[in-house]
Amino acid sequence: MAKQWHQLEKLDHKALKKLQVEREKAQKLAQDAEEKKRRMIIGVIVMAALLVLGVFVVVMRKRAATLAFQEERNKLLFSRVTEITGKVEARHIGAWEVIKEKIEFDKEYSFKTAPEGAITVQLQLENQVKLAGKSEMTVMPPVLAEKENKIEKEPVILKRGELTAAISLDGRGILSVESSDIQVTGSSGLFKVLYDDDKDKGEVVVKNGLVEVSKKRGGGKPVKVSGFYKVTFGGGDISTPTQASVIQYDWR
């Protein structure tokens, strides 16, 4: 009988030991699963944080690039007055004011001169326009390319009087002088636009280089005018080029 009890105790001990091992194994598996789950959660959090950081870096870089692009773009809008003689008035908006000092501007600006006055404005690409006495012009901001910082056009409007334009190497084909119903694009050289607003008549005279005269609203073929030639305009018409005595004009 004692032997049987001993055998039973031995079996109970083995069963208990086996149960304990299984419990420890199950506990270990549960701990491993929990640890794996914890690591997965940490991994997801880290990946999410890295993704957010990456998006933030991309957004900041894009913003910095946009700001740099816009800052560079804004610089392209400036023109400056390089010379003033006699009485000259200017205005952006509001009343005319006499100016005596050289200025820089990046908005639409108008200038008018007294009979003894004159003013020279240098545009962004170093094209220059000089307004003679008893004249008026408006310098518009440059027209920029939509997706790059590049000047496509430098528009100037001669409302009356006389304007002399000098084309720089970088500004060829960029300067555009409008007067009445015509537009003059300077390809190179030195030229004048003269316009009598009372009679609605004017002329374009080229000392050297080449310009193209066309109608602002289209229609007709543009007229090319080279050195020592001129065209007249008015009433919606542009004449054919004729030889000009350029020494009769003041080119200073």
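The values are calculated or read from the model by the stated rules, or taken from the named source; none is laboratory data. None of these values were measured; they are calculated from a predicted model. Please note: Cβ atoms are built from the backbone with ideal geometry, for glycine as well, and neighbour counts cover all protein chains shown.
Tabulated values for the structure
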read-out	value
Filter result (over 21 Å from residue 130 (Cβ atoms) and either outside the structural domain of residue 213 (by TED's automatic domain parsing) or assigned to a loop (DSSP other than H, G, I, E, B) (or both)) within the stretch 231-252	235, 236, 239, 240, 241
Some residue of the stretch 216-230 being over 26 Å from residue 169 (Cβ atoms) and in a strand (DSSP E or B)	no
Count of residues meeting criterion [small (Gly, Ala, Ser), at pLDDT 95 or above and exposed (fewer than 13 other Cβ atoms within 10 Å of the Cβ)] in the stretch 60-92	1
Qualifying residue in the stretch 49-56 (condition: of a type in the set (Phe, Trp, Tyr) and either surrounded by 15 or more Cβ atoms within 10 Å (Cβ to Cβ) or touching a His at 6+ places or on another chain (Cβ under 7 Å) (or both))	no
Hey, residue 199 farther than 21 Å from residue 141 by Cα, assigned to a strand (DSSP E or B) and of a type in the set (Lys, Arg) or not	no
Candidates 167, 174 - the one that is under 24 Å from the mean Cα position of the chain (by Cα), at pLDDT 95 or above and within 23 Å of residue 72 (Cβ to Cβ)	174
Test: residue in the stretch 216-228 that is among the hydroxyl-bearing types (Ser, Thr, Tyr) and surrounded by 19 or more Cβ atoms within 10 Å (Cβ to Cβ)	no
Qualifying residues in the stretch 188-202 (those that are buried (at least 18 other Cβ atoms within 10 Å of the Cβ) and not hydrophobic (A, V, I, L, M, F, W, C)) - the one farthest from residue 228 (Cα to Cα)	195
Matching residues in the stretch 177-197 - criterion: being among the hydroxyl-bearing types (Ser, Thr, Tyr), over 16 Å from residue 131 (Cβ atoms) and over 26 Å from the mean Cα position of the chain (by Cα)	180
Verdict on residue 159 being of a type outside the set (Val, Ile, Thr), in the same structural domain as residue 121 (by TED's automatic domain parsing) and touching a helix residue (DSSP H, G or I) at 6+ places or on another chain (Cβ under 8 Å)	no
